[in-house]
Amino acid sequence: MIKIGALVSGGGTNLQAIMDSINRGEINGKIVSVVSNKADAYALERAAKNGIETAVIKLKDYPDRKAYTEGLIEHFKEKQVDLIVLCGFMIILDPSFDRAFPNMVMNIHPALIPSFCGKGFYGLHVHEAALKKGVKVTGATVHFADGICDNGPIILQKAVEVRDDDTPETLQKRVMEEAEWKIFPQAVALFADGKIKVENGIVRILK
């Protein structure tokens, strides 16, 4: 059974999807620590309701981003985590974080990378850009973080149809329901079962 850490900033719907999957016995793992940069993040309440230890570690309590990153590294090293999931964590950490946990930090992005990703593409901005471009399909991507925003080896992707009457809000909701909440727990389950292998920056799913 693997030990999982989580970083959150907001509502934590993807965290909830992972917790639900663990509770159903679909993931051979246990979340040992949920950390937020915001004390009022609802994700912390979700974790507490599941009996999971939480912590608030704020950027402003550190002299700079590098020191903040080192504080998070130390926290998760102490917890001896095998995997860290980024569930709507809104701070770009120093690249040293991903170097400290190579192919152990998993992120979910609400688009089909390499489309609509990178600096400035988060939250509704992603879906606004997809609609402005007029794409017919969008979706979500789970990938390993590698120190570059929305980069790193792609683990799973799932496509979602874009409808003519979509707004950024309706598209965001459908991408979450049809893609994010499904493939993030699936990727964690694959990792827990030792079925993910990274070769030359490409993920291979082992049978």
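In this label model, Lys132 and Arg163 are separated by 2.4 nm, measuring between points 7 Å along each Cα→Cβ vector. Sorting the segments 8-18, 55-65 by their residues' average number of neighbouring beta-carbon atoms within 10 angstrom, most packed first, yields 8-18, 55-65. Relative to the current alpha-carbon distance between Ala48 and Lys207, full extension at 0.36 nm per residue lengthens the span by 53.7 nm.
Working from Cα pairs under 8 Å separated by at least six residues, relative contact order for region 115-176 is 35 percent.
When each of the peptides 180-188, 91-99, 78-86 is scored by the mean number of other C-beta atoms lying within 10 Å of its residues, the order from highest to lowest reads 180-188, 78-86, 91-99. Averaging the sequence gap over all C-alpha pairs within less than 8 Å and six or more residues apart, then dividing by the number of residues, gives region 82-188 a relative contact order of 27 percent. With a ≥ b ≥ c the root eigenvalues of the C-alpha gyration tensor of the chain, is it rounded (a/c under 1.5), prolate (a/b larger than b/c) or oblate? Verdict is rounded for the chain. Once R0 is set to 35 Å, what does the formula 1/(1 + (r/R0)^6) return for the Cβ-Cβ distance between Lys66 and Asp20, expressed as a FRET efficiency to the nearest 0.05? Efficiency, rounded to the nearest 0.05: 0.50.
Here Lys136 is the anchor, and the lysines within straight C-alpha reach of less than 16 Å, apart from those fewer than 8 places off in the same chain, are Lys158. The count of lysine pairs in region 1-127 with alpha-carbon distances below 13 Å, taking only pairs 8 or more places apart or on different chains, stands at 7. Note on the chain: with neighbouring protein chains present and a 1.4 Å probe, carbon and sulfur make up 50 percent of its accessible heavy-atom surface. Per residue, the solvent-accessible area of the chain (1.4 Å probe, heavy atoms of protein chains only, all protein chains present) comes to 50 Å². Label-to-label distance for Cys149 and Met1 is 3.8 nm, based on points extended 7 Å past Cα in the beta-carbon direction. Based on C-alpha pairs under 8 angstrom that are at least 6 apart in sequence, the chain has a relative contact order of 20 percent. A full extension of the chain between Lys30 and His75 corresponds to an added length of 14.5 nm, given 0.36 nm per residue minus the alpha carbon distance. In sequence order, region 193-207 has phi-based couplings of 8, x, 9, 10, 10, 9, 10, 6, x, 10, 7, 10, 8, 7, 7 Hz under the Karplus curve 6.51 cos²θ - 1.76 cosθ + 1.60, θ = phi - 60°, and Gly or Pro positions carry x.
Each label point was placed 7 Å from the Cα along the Cα-to-Cβ direction; for Val198 and Asp82 their separation is 1.7 nm. Tell me which trypsin sites (Lys or Arg not before Pro) from region 2-52 have a DSSP coil assignment and no more than 10 other beta carbons within 10 Å of their own. Answer in residue order: Arg24.
The values are calculated or read from the model by the stated rules, or taken from the named source; none is laboratory data. Keep in mind that this is a model prediction, so the values were computed, not measured. Every residue, glycine as well, gets a Cβ built from its backbone with ideal geometry; the counts of neighbours run over all protein chains shown. Just so you know, the surface numbers come from the protein's heavy atoms only, side chains and all, with ligands and any DNA or RNA stripped out. Shrake-Rupley method; radii C 1.70, N 1.55, O 1.52, S 1.80 Å.
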